[in-house]
Amino acid sequence: MLLSHADSAVRVTNHNDLAAESGAVAARWIEAAIAHQNTGAALDAAERAGSQTFTPLLQSARERVQESSLDVIKDIGMSCNLVYGLPGAAHILMQSDNFTDAVRTNILAGGDSCGRATLIGAVAGAVYGIGGERGIPPEWVERLTRKAEVDSLLDVLV
């Protein structure tokens with residue numbers, strides 16, 4: 001379902017093939033995170049998306065899982081470029097076992113943390129949910145500026 005809307009959603013602001021390819025990979029990644037609630041299975045699906053550009057980059061990030069995300073992101077690139085953001089997000093998600101750790105590591109990595117945050121938040125939120133030791137901290141949810149609007153949108157999904 002998400003994949004069918006990814007191309008048109010991406011092309012609203014980034015009308016180029018690399019952005020569309022990235023959007024397709026991200027859509028498969030998020031769908032798998034929702035379906036399997038497992039970051040490894042979600043990354044597997046992203047790698048299987050068949051992207052000539054991003055599959056090798058994601059595999060390379062996986063091969064470096066024993067290294068610090070901060071070091072890997074500094075090495076592969078920190079600027080606002082999709083070829084840096086997706087593997088950086090993958091590395092952070094592979095090394096994190098909860099939502100808070102993934103968010104904090106992303107912030108500490110610097111560079112285009114906001115670009116990576118969109119994918120990290122979606123995948124980690126789908127995998128870990130809200131609350132508990134691994135999920136989105138409820139106090140973070142309560143502090144949302146537009147919480148009532150978010151709640152009404154979530155009611156439609158559930």
Check on Thr118, among the β-branched types (Val, Ile, Thr) and not in a helix (DSSP H, G or I): no
Scan of region 54-80 for residues that are closer than 15 Å to Trp29 by Cα and open to solvent by 70 Å² or more (accessible area, probe 1.4 Å), ordered by number: Gln59, Arg62
Pairs, first under 16 Å from Val141 (Cα atoms) and in contact (Cβ under 8 Å) with a residue 24 or more places away in the chain in region 110-126, second open to solvent by less than 40 Å² (accessible area, probe 1.4 Å) and hydroxyl-bearing (Ser, Thr, Tyr), C-beta under 8 Å, six or more apart: Ala124/Thr39; Ala124/Ser96
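Condition check ((1) over 17 Å from Val65 (Cβ atoms); (2) open to solvent by less than 30 Å² (accessible area, probe 1.4 Å); (3) of a type outside the set (Lys, Arg)) across all residues:
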residue	(1), (2), (3)
Asn106	no, yes, yes
Ala117	yes, no, yes
Gly129	yes, yes, yes
Arg134	yes, no, no
Trp140	yes, no, yes
Selected residue (criterion: least open to solvent (accessible area, probe 1.4 Å)) from residues of region 19-36 that are within 14 Å of Gly50 (Cβ to Cβ) and among the charged types (D, E, K, R): Glu21
Residue pairs meeting the criteria (Cβ under 8 Å; at least 6 apart or on separate chains; first closer than 20 Å to Gln59 by Cβ and without any contact (Cβ under 8 Å) to a residue 60 or more places away in the chain, in region 25-38; second part of a loop (DSSP other than H, G, I, E, B) and open to solvent by 70 Å² or more (accessible area, probe 1.4 Å)): Arg28/Arg48; Glu31/Met1
Test for Asn16: is it farther than 16 Å from Ala124 by Cα and open to solvent by 20 Å² or more (accessible area, probe 1.4 Å): yes
Residues of region 122-140 satisfying the condition of being part of a helix (DSSP H, G or I) and touching a helix residue (DSSP H, G or I) at 6+ places or on another chain (Cβ under 7 Å): Ala122, Val123, Ala124, Gly125, Ala126, Val127, Tyr128
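The values are calculated or read from the model by the stated rules, or taken from the named source; none is laboratory data. Everything numeric in this text was worked out from a predicted model, so none of it was measured. Neighbour counts run over all protein chains shown; Cβ positions are idealised from the backbone, glycine included. Protein only, heavy atoms only, side chains kept; ligands, DNA and RNA dropped before computing areas. Shrake-Rupley method; radii C 1.70, N 1.55, O 1.52, S 1.80 Å.
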